[in-house]
Amino acid sequence: MSGQTTLRLGDTAPDFTQESTEGSINFHQWIGDNWCVLFSHPKDFTPVCTTELGEVARLKPEFEKRHCKVIGLSVDPLEDHLSWLGDIEATQGQRLNFPLLADRDRKVSDLYGMIHPNASDTLTVRTVFVIDPDKKIRLMITYPASTGRNFEEILRAIDSLQLTDKHKVATPVNWKAGDKCIIVPSLSNEEAAKLFPDGWDEQRPYLRVVEQPEKT
């Protein structure tokens, strides 16, 4: 526990160099000017992880539409990762098409606080970090080892982050791309009128519902 870093939203994602199924990766250089999803797996050759990696590989075109790279991690050695790839393709019908970090020395796991000793002192939990092109951590989700993640939700969250970065809106409960949004409370009606000339539905002074602006 002592070697782990406590990360918060808005922190710079720690840089590292580590081996992967696609060669040595210098993290910040690899991200470039893209968004990034970094997500950890408890262990190779485990059932839930196998389904997750297949799903992320299947969804890679959706991440690419959002200018977002994906990269996985587990604390198993590279040779285990490479052996596992055949099982993923055979059972999920999808070849792995993104790098999987081999964090045998736990360097990255400790930097990102991915090992929770009260859950397991040897395995990483199912952590997700969404990192923006400025290398800032914008979202963190942590699941227990037994619960597979919903990567459609992670795509939805990226849509929200990218939209709200560009416009003075927030996204309400269960929002999906194309749904109505909420004008941020810090914006006065006078300021809002300039940005949203078609008007809005003022359900309360602090709850002003507006059509989604164009993301780009």
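The values are calculated or read from the model by the stated rules, or taken from the named source; none is laboratory data. No experiment lies behind these values; they were computed from the predicted model shown. Here the Cβ positions follow ideal geometry from the backbone for every residue, glycine too, while neighbour counts run over all protein chains shown.
Within this structure, R149 passes the test of being of a type in the set (K, R), surrounded by 15 or more Cβ atoms within 10 Å (Cβ to Cβ), touching a Lys or Arg at 6+ places or on another chain (Cβ under 8 Å) and in a loop (DSSP other than H, G, I, E, B). Scanning the range 171-194 for residues that are under 24 Å from the mean Cα position of the chain (by Cα) and more than 12 Å from V210 (Cα to Cα) gives V173, N174, W175, K176, A177. Residues that are at pLDDT below 95, under 19 Å from T147 (Cβ atoms) and not β-branched (V, I, T) occur at least once in the range 74-95.
Which members of the range 165-208 meet the condition of being in a strand (DSSP E or B) and surrounded by fewer than 14 Cβ atoms within 10 Å (Cβ to Cβ)?
D201, Q203, R204, L207
Annotation note: of E89, E62, E79, E22, the sole residue that is closer than 23 Å to L139 by Cβ and not hydrophobic (A, V, I, L, M, F, W, C) is E62.
Report the residue count in the range 16-37 for those that are among the β-branched types (V, I, T), outside any helix (DSSP H, G or I) and in contact (Cβ under 8 Å) with a residue 60 or more places away in the chain.
3
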